[in-house]
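**Student:** Got a structure for you, questions after.
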Amino acid sequence: MSEKVLLKNIDPKNPQPVTFEQYVKNGGYEGARIALSKTPLEVQQIVKDSGLRGRGGAGFPTGLKWSFVPMDYQGQKYLICNCDEMEPGTFKDRALVYGDPHQLIEGMLIAAYAMQMTKGFIFIRYEYKKGAEILDRAIAEAEQHGWLGKNIQGSGFDFHLETHLSAGRYICGEETALLNSLEGKRANPRSKPPFPQIRGFLGQPTIVNNVETLCNIPHILAKGPEWYKKLGLNGNAGTKLMGASGRVKTPGLWELPMGTPLSVLLNEYAGGPSREFPFKAVIPGALSTPIFTPEQFDTPMDFDSVAKAGSRLGTACVIVFDEGDCMVAATANIMKFYARESCGFCTPCREGMQWIYDTVCAIRDGQGQPSDMQVLDDLSRHIAHTFCAFAPGAQDPFLSAITKFRHEFEEHIAKRTCSIAK
Amino acid sequence: MSELVKISIDGQEYQVPAGANLLQVCLDLGLMVPHFCYHEALGPAGSCRLCAAMVAPSAEKPAQLVMTCMTKVSEGMVVKIQDPYAKDFRRGVIEYLMLNHPHDCPVCDEGGECMLQDMTVLSEHIHRRSRFPKRTWRNQYLGPLIHHEMNRCITCYRCVRFYREYALGKDLGVFGSRDRVYFGRVKDGVLESEFAGNLVDVCPTGVFTNKRFREVYSRPWDLHTARAICVHCSIGCNLLPGGRHRTLRRIKPHPHKELNRFFICDRGRYGGEYVNLYPRQTRPTIAGTEVGFREAIHHAATQLRGIVEQHGTKAIVALGSSRASLETNAALNLLFKALGAEPQIVYYDSDEEYAAVRLAASLTTSRAITVPTLVEMEKCDFVLSIGGDLTGEAPMFDLSVRQAIRAGAAFFVISPRAGKLDEFARSVLRVRPDALAQAVEKILQALSNPAETIAPEIADIVQALRSAKKPLFLCSAIHGDVALIKATYDLAKAAHQENRPCFLAYYYPAANSVGVALANDSLEPTKALDLLRTGTAKAVIAVEHDLATFFGNLENAKGILEKCAFSMIVSSVDSIPPDMATVWLPASPHYLTSGKFVNYEGRVQHSEGLSLATPLTDGPADLLLSLIEDLGKSALLEQAQYSDIFAVAAEQNVELDELTAKDGGIFIRGQLRPTDLMRDSSPSLPKREMIRWDIIQTFGSEELSALAPPIAELAAPARIEMHPDDMAQQNIAEGDFVPVPDTPSMKLKVVPNPNLARGTFAVPRLPAHVASQVPVEVQA
Amino acid sequence: MIPETLRKELSDHCAHYPSRQVGLIYVLQKLQEHYGGWLPDEAISQAAEIVGVPEVEVEGVATFYNWFFREPVGKTVIVCCDSVSCYLCGSEKIVEHLENRLGIRIGETTPDGRFTLLPVVCLGNCDRAPSIMVGDRLYERVTPAMIDEILANAEMLAEGKE
Ligand SMILES: Cc1cc2nc3c(=O)[nH]c(=O)nc-3n(C[C@H](O)[C@H](O)[C@H](O)COP(=O)(O)O)c2cc1C
Ligand code: SF4
Ligand code: FES
């Protein structure tokens, strides 16, 4: 395994929160100390130079995103950490929060300083209640030691941070829905523009960053952008938390160089297939990304390579299916999630997801009709044009399932039964 | 004028305003892009996804499927509405919307004007493919006005966007998520907003429908419609009543660019039902005996002529009506002319009202002030509401003020009693009815003497007024406070001098208050009363005027009528027992007869009459004209063209020095001299310890609408409100019965109201002829 | 009715935000705790009053999120992840076993009011699938045998609380 950066203090198998003392002993808050000695714009430039791209799924360059925040703004600006992590197959932010809360706090402090934001929230999903408690304790520790609150380390900069325990809903992970949720409203997404960087939480400039994104920041500041850029393979910056679950022998979470090939992840880290069947399909970036079949298993796991191969790096937590899995039944399971979690705001998503789910279930249960494929094809096109990225996210696995495994659907319809599932 | 850009839509080039909403641009060009969530007044939501088209920023760039409602036009844009990909997508959206729709079109109240049906056809969704069960909902009871049928919902969010965001209502919301989104109240109950009826129009399908209309449903294309003017307040909203067979079935707003735009209040929408309640006696009577129209008219003509011959030209007193058309009042005037008598016509119920309305109306029509349209009100950044409750006295002013508030206007209230808009006010000055003018004068003083220290209670107002770019003053002319009208005028004038547009609108007791105020011959009520009481006048004619209200109560009215040698009532409502008058002429009501009305702006608007097979065919004006004919003075009629405002004005001895045509309207400019009227204004009243304040309720206080069953159902019970401290001081407990000031024969239950000025008895204004029909807890 | 101390705590919480409504989710969570795991009508009007927003706003929020219950739930809420990784690792069998043991279907509450069984979105524990949560406690690599043990414990816990 390569250099451990984010997981330096964490055993993903048994995450125990690192205390403030331990964290500092291992070099913690060094990045923040360096940041506070620079100007905010210098810090932004360092992050830009590092080539860090957002770990929330879209891979947008973090430094560039920060630069959209108006620096001369007189009112309150907000920094929000997105720890909603409800995307099926993803379990990376949990490890970071449960294992090393100060790493996140330090990352947020540096980000806040770089954009001169004096208030921050960590938006955390309901099921991570214990994580919120861990964070609350760590925040209190950081306040005690002058790393949060007023006049941090005598720098004159204030940063107040608090956790917000969500009431649970996948759409809350979408950044504009998250803002509505944080404002105490229904978590329907907002239209963009205006982007949150200009008008976000309570109408003020706001940055929403993923947990993992923010956890990279202290290291970039401490060791410099050049060091960071060299961590990845083939010119990719940084390490990436990668996970594997499903039909693998040793499911788990690892910190690997950005650009590690998928096959390495599958075979070396995840131990190959867990059953007697060979791998059949992998969803490379957690649920909302197009499915890979074995021809694509050599793809390097970085944003551009995965995109070039026809999918998205997403959260880099792969979900693995083997030849004993029925892809119709799997699709039914996948679409149940989207039908249930749709916020219900726009038509194709609200009505379409449930129709897809009902239809796929019917096919799975031997009740399919030949005309069903036309319905699914129509829906697979139309759900791309919704109000937010939720339904396009659903389109990714769905469209590739009915394309790449069409024969399985057709066979179910023709034979009225499943001959695949084992 | 905004800059124009060139865009191409389906191969055609168009010049359109830069930055305009692409969907609205298409609709304005007559290019029908299917849509649901977008509404011209509510804007886009982007939720229905139906308005999709292929759009490229320029001919070279690739086109993308976008929602036209979320897109602004820009130079060189290439739009393809008819692109196959876009058409396929729109068809799909309709199919998804229809998945759970009940397909109950044959029994749907929206039938014939269903936007969902139109859009379905337009989007070419034809066959239902889903074979899965539909979701079903339970409906709610939302009160007497609106029926709820959630299964038809297509989740366009228009209802909550109108109700909560636009009208700032509180009790309609959106619940649930995913494919289970519900629009309704937390619990069953009457919708609180006075504008709830607009849900009927705003909802593109049959979720919110007009509960009264569905009782006796007609397909909309079977309705006779006419463009009418609302008769229930002085704003003059434009309406489209629809009737069938013998009844008025419903009223919808008729869009008007400057006034009501797309909306109306529920008094206007549901109040018109009074026209279905004809006078119980639909045949004329002479001394209580039923006769034919000709006979009754001939009898009246003969009697009236006799009275003038015998007692001279001053022997007749008439009650005209500020809720009747110009034509009706002009005909009354002409009748005097035909009789060779001096017109002695009274339009008001009290001298205070007489003075106040005439002063306000003359200020309005003499151009001394700039009167805003409803739409202009929405754009003001400072609003001061003075001396009245907008929600009850000028409901659509309330809705316009809500728009100004939404846009960030500083809103202030000076009134004796809390109204519904108070919660949005930066500050509220709660003052006794007789101290309103003083409060306004204080603001004027502070404004004109910047050096002086400002009293704290008005500091906010003065400060906001100073920094405002477009101030608006809204002042009630309903409570007969001449001093207030004058003070507000002075304040608006002073604010005007600061080199910025400054608006002032007075609002009035009735639909044609401004129209009749122009009549120079109008008589003060006490003068008329004296003439009748002393027997100087021998005959009385009442046209669309409630005698019981005028004389205080039915008993008084009866006494006076008995004293007269001759009395005649021309009325479209049952205001008084027909046998009380010598001649009783039942008239066809508003909405079924045509006529002109002058609204709060001085805008003359024509109201068409619906032609329905009703028991009464002649309106009050026609009946009076028949009388003139019977008098053998048809020649007079030929001279006067009643469709012509000049002629009408001339009949009323009003000099119209100017007529201004503004977009969509004629405005009259009268020659009443405001300065004279101000000098005339009655001396200040003696200070009384407790003073009466009339609560003008949205539902129940306006004479005609109060008769409509759904409005009567919503009317709050009659009561006397008192400040709790006054109650304590006077040893009055909640629930005690206290005599109504000025009407001591009536006792009402006392209800404490801490949001009432001290020293005030607040009593709902209930027209005498409807008081018996409104829930009143009266102790005899 | 809620104790004055709770009302005050919640009201103060709302006051520390620039807009009181930011506190609404927190207020509902605390009220739900107070009312034994669900939000009766009374809680909706209390939240509206404490936060200072119309009841429809509160109801809209209370019916949107997965972790607000507008109907009574059992003393212990068991949520079973049914997302893809747990599904691949046998979550359906786990749910079936729970349904049989509790005598209810997923989405229901036992007649004695002890347990409510619900599906839940991916618990972020996919490498240790299948996962369930019983109350606040996460269980991983769950097997039918484990369920029996968990239920016995949960019953003991619930009884201990009583
Ligand atoms: C439906 C949906 C769910 C999302 N869920 C999450 C999430 O749980 N965590 C997250 O960090 N980003 C999530 N995102 C992405 C966020 O919208 C946003 O892009 C991200 O938080 C930005 O952080 P980054 O710039 O650090 O990557 C989601 C997006 C969508 C459309
Ligand atoms: S695609 Fe539409 S309905 Fe689906 S989550 Fe986004 S806004 Fe909500
Ligand atoms: S009208 Fe454009 S999305 Fe509804």
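The values are calculated or read from the model by the stated rules, or taken from the named source; none is laboratory data. On a predicted model such as this, the values are computed, not experimentally measured, just so you know. Reconstructed Cβ throughout: ideal geometry from the backbone, glycine too, with neighbour counts over all protein chains shown. The protein model used for the area step is the full one, side chains on, heavy atoms only, and it has no ligands, DNA or RNA in it. Shrake-Rupley method; radii C 1.70, N 1.55, O 1.52, S 1.80 Å.
**Student:** List the residues of segment B:169-201 that lose 20 Å² or more of accessible area once all protein chains are present, compared with their chain alone (1.4 Å probe, heavy atoms only, no ligands or nucleic acids).
**Tutor:** B:LYS170, B:VAL174, B:PHE175, B:GLY176, B:SER177, B:ARG178, B:ASP179, B:VAL186, B:LYS187
**Student:** Mean residue ellipticity at 222 nm from the helices of chain A, using -39,500 (n - 2.57) per DSSP H segment of n ≥ 4 over the full residue count, to the nearest 500 deg cm²/dmol?
**Tutor:** On the way: 16 runs with 170 residues, N = 422.
Roughly -12000 deg cm²/dmol at 222 nm, from the helical runs in chain A.
**Student:** Another one. Mind grabbing the interface size between B and C? I mean buried accessible area, both sides, 1.4 Å probe, in Å² to the nearest hundred.
**Tutor:** Numbers: alone 31320 and 9310 Å², together 39800 Å².
Accessible area lost upon association: around 800 Å².
**Student:** Taking a quarter of the surface of the Cα convex hull of chain C, what do you get in nm²? Don't skip to the answer; put the middle values down first.
**Tutor:** Numbers: hull surface 41.9 nm².
Computing the convex hull of the Cα atoms and averaging its projections yields 10.5 nm².
**Student:** Run through all the Cα pairs of segment A:239-322 and give the fraction in each 5 Å bin from 0, expressed as whole percent.
**Tutor:** It works out to 3, 18, 32, 28, 14, 3, 0, in whole percents.
**Student:** Using alpha carbons only, how many degrees (0 to 90, rounded to 10) separate the axis of helix B:395-406 from the longest principal axis of chain B?
**Tutor:** With both axes taken from Cα atoms, the answer is about 40 degrees.
**Student:** Rounded to the nearest 5, what is the percent of antiparallel bridges among the DSSP beta bridges in segment C:15-162?
**Tutor:** Values: 7 of 13 bridges.
Of the beta bridges lying entirely in segment C:15-162, close to 55 percent run antiparallel.
**Student:** So, one more: When a/c reaches 1.5 or more, the comparison of a/b and b/c decides; with that in mind, is segment A:18-152 rounded, prolate or oblate per its Cα gyration tensor?
**Tutor:** oblate
**Student:** Further question: Counting partner chain Cβ atoms within 10 Å of every residue's Cβ in B:97-105, what's the average?
**Tutor:** On the way: counts 4, 1, 7, 4, 0, 0, 0, 0, 0.
Across B:97-105, the average partner-chain Cβ count within 10 Å equals 2.
**Student:** Which far-off residues, 5 or more places away or on another chain, put their amide H under 5 Å from the one on C:THR76, with H placed in the peptide plane?
**Tutor:** C:PHE115, C:THR116
**Student:** Who wins for biggest fluctuation among A:GLY56, A:GLY200, A:GLY75 in a Gaussian network model of chain A, springs between alpha carbons below 10 Å?
**Tutor:** Of A:GLY56, A:GLY200, A:GLY75, the most mobile in the Gaussian network model is A:GLY75.
**Student:** Taking 7 Å along the Cα-to-C-beta vector as the label spot, tell me the B:ALA368-A:GLU226 distance in nanometres, rounded to one decimal.
**Tutor:** Modelled inter-label distance: 8.4 nm.
**Student:** Quick one: Debye curve from the C-alpha atoms of chain B, no solvent, what's log10 I(q)/I(0) at q = 0.08 Å⁻¹?
**Tutor:** -0.72
**Student:** Could you work out, residue by residue across A:373-381, how many beta carbons of other chains sit within 10 Å of that residue's beta carbon, and then give the average as an integer?
**Tutor:** 2
**Student:** Of all the accessible heavy-atom surface of segment B:365-459, with the other protein chains kept in place and a 1.4 Å probe, what percent is carbon and sulfur?
**Tutor:** Numbers: 1630 of 3230 Å².
Accessible surface attributable to carbon and sulfur in segment B:365-459 totals 50 percent.
**Student:** What is the helix-to-structure angle for C:91-102, meaning the angle in degrees between its Cα long axis and the longest Cα principal axis of chain C, kept from 0 to 90 and rounded to the nearest 10?
**Tutor:** 80 degrees
**Student:** Which of the peptides B:11-23, B:506-518 is most tightly packed, and how do the rest follow, going by the mean number of other Cβ atoms within 10 Å of each residue? Write out the running numbers ahead of the final one.
**Tutor:** Working: B:11-23: 15.2, B:506-518: 28.8.
Taking the mean over residues of other Cβ atoms within 10 Å, the ranking is B:506-518, B:11-23.
**Student:** Still on this structure, I have one more. Can you give me the accessible area per residue for chain B, using a 1.4 Å probe, in Å²?
**Tutor:** Numbers: 29560 Å² over 780 residues.
I get 38 Å² per residue for chain B.
**Student:** While we're here: Assuming R0 = 35 Å, what is the FRET efficiency of C:GLU92 and A:THR19, from their Cβ-Cβ distance, to the nearest 0.05? Could you put the intermediate results ahead of the total?
**Tutor:** On the way: r = 41 Å, r/R0 = 1.16.
That gives a FRET efficiency of 0.30.
**Student:** Counting protein heavy atoms only and a 1.4 angstrom probe, how many square angstrom of accessible surface do chains A and C bury in total, to the nearest 100?
**Tutor:** On the way: alone 16660 and 9310 Å², together 22220 Å².
Counting both chains, the buried surface is close to 3700 Å².
**Student:** At a Cα cut-off below 19 Å, give the lysines reachable from A:LYS308, other chains included and same-chain residues fewer than 8 away excluded.
**Tutor:** In chain and number order, the partners are A:LYS240, A:LYS404.
**Student:** Measuring from label point to label point, each 7 Å out along Cα→Cβ, what is the A:ASP377 to B:ARG533 span in nm?
**Tutor:** 9.1 nm
**Student:** Could I ask something else about it? Is the shape of the protein assembly as shown best called rounded, prolate or oblate, per the rule: a/c under 1.5 gives rounded, else a/b larger than b/c gives prolate, else oblate, with a ≥ b ≥ c the square roots of the Cα gyration tensor eigenvalues? List each step's numbers first, then the result.
**Tutor:** On the way: a/c = 2.38, a/b = 2.05, b/c = 1.16.
Verdict is prolate for the protein assembly as shown.
**Student:** Here is a follow-up. Where both partners of a DSSP beta bridge lie in segment A:20-229, what percent of those bridges are antiparallel, to the nearest 5?
**Tutor:** Values: 2 of 19 bridges.
The answer is about 10 percent antiparallel.
**Student:** Can you list the GluC sites (Glu not before Pro) in segment B:385-452 that are in a DSSP coil and have 15 or fewer other beta carbons within 10 angstrom?
**Tutor:** Numbers: sites: B:GLU393, B:GLU423, B:GLU441, B:GLU452; in loops: B:GLU452.
Those that pass, being in a loop and sparsely packed, are B:GLU452.
**Student:** Another one. What is the Cα centroid distance between segment B:269-330 and segment B:404-438, reported in whole angstrom?
**Tutor:** 42 Å
**Student:** Order these peptides, B:320-330, A:318-328, by their mean beta-carbon neighbour count within 10 angstrom, highest first.
**Tutor:** Numbers: B:320-330: 28.4, A:318-328: 22.6.
Descending packing order for the listed peptides: B:320-330, A:318-328.
**Student:** Pop out the ³J(HN,Hα) list for segment A:62-67 in order, Karplus 6.51 cos²θ - 1.76 cosθ + 1.60 with θ = phi - 60°, rounded to Hz; leave Gly and Pro as x.
**Tutor:** 5, x, 5, 4, 4, 5
**Student:** May I ask you to evaluate 6.51 cos²θ - 1.76 cosθ + 1.60, the Karplus curve with θ = phi - 60°, for each residue of segment B:605-619 and list the ³J(HN,Hα) values in order in whole Hz, giving x for glycine and proline?
**Tutor:** 10, 9, 10, 7, x, 6, 9, 10, 7, 9, x, 10, 10, 9, x
**Student:** Can you list the residues of segment C:108-128 that have at least 40 square angstrom less accessible area with all protein chains present than in their chain by itself, probe 1.4 Å?
**Tutor:** Buried by 40 Å² or more upon assembly, which counts only protein chains, are C:VAL121, C:CYS122, C:LEU123, C:GLY124, C:CYS126, C:ASP127, C:ARG128.
**Student:** May I pose another question? By how many degrees, between 0 and 90 and to the nearest 10, does the Cα long axis of helix B:84-98 differ from the longest principal axis of chain B?
**Tutor:** Tilt relative to chain B: about 60 degrees.
**Student:** For chain B, what is the percent of antiparallel DSSP beta bridges, rounded to the nearest 5?
**Tutor:** Details: 57 of 104 bridges.
Around 55 percent of the beta bridges assigned by DSSP in chain B are antiparallel ones.
**Student:** Sticking with this one: Residue by residue through segment C:52-61, what is 3J(HN,Hα) from phi via Karplus (6.51 cos²θ - 1.76 cosθ + 1.60, θ = phi - 60°)? Round to whole Hz and write x for glycine and proline.
**Tutor:** With the stated coefficients, segment C:52-61 comes to x, 10, x, 4, 4, 5, 5, 4, x, 6 Hz.
**Student:** Quantify how strongly other chains surround peptide A:351-364 by giving the mean number of their Cβ atoms within 10 Å of each of its Cβ atoms. It would help to have the intermediate numbers written out before the result.
**Tutor:** Working: counts 14, 7, 3, 9, 8, 0, 2, 5, 4, 0, 1, 2, 0, 0.
Mean inter-chain Cβ contacts per residue within 10 Å come to 4.
**Student:** Could you list, in their original order, any pairs among B:LYS170/B:LYS420; B:LYS337/B:LYS558; A:LYS336/C:LYS30; B:LYS6/B:LYS257; A:LYS48/A:LYS229 whose Cα atoms are separated by more than 20 Å?
**Tutor:** Where the Cα-Cα span goes over 20 Å, the pairs concerned are B:LYS337/B:LYS558; A:LYS336/C:LYS30; B:LYS6/B:LYS257.
**Student:** Treating the beta-carbon of each Lys and Arg as +1 and of each Asp and Glu as -1, no other charges, what is the dipole magnitude of chain A about its Cα centre, to the nearest 20 debye?
**Tutor:** Numbers: 45 positive and 46 negative charges, 68 e Å.
Its charge dipole is roughly 320 debye.
**Student:** Taking a ≥ b ≥ c as the square roots of the eigenvalues of the Cα gyration tensor of segment C:4-64, is the shape rounded (a/c under 1.5), prolate (a/b larger than b/c) or oblate?
**Tutor:** oblate
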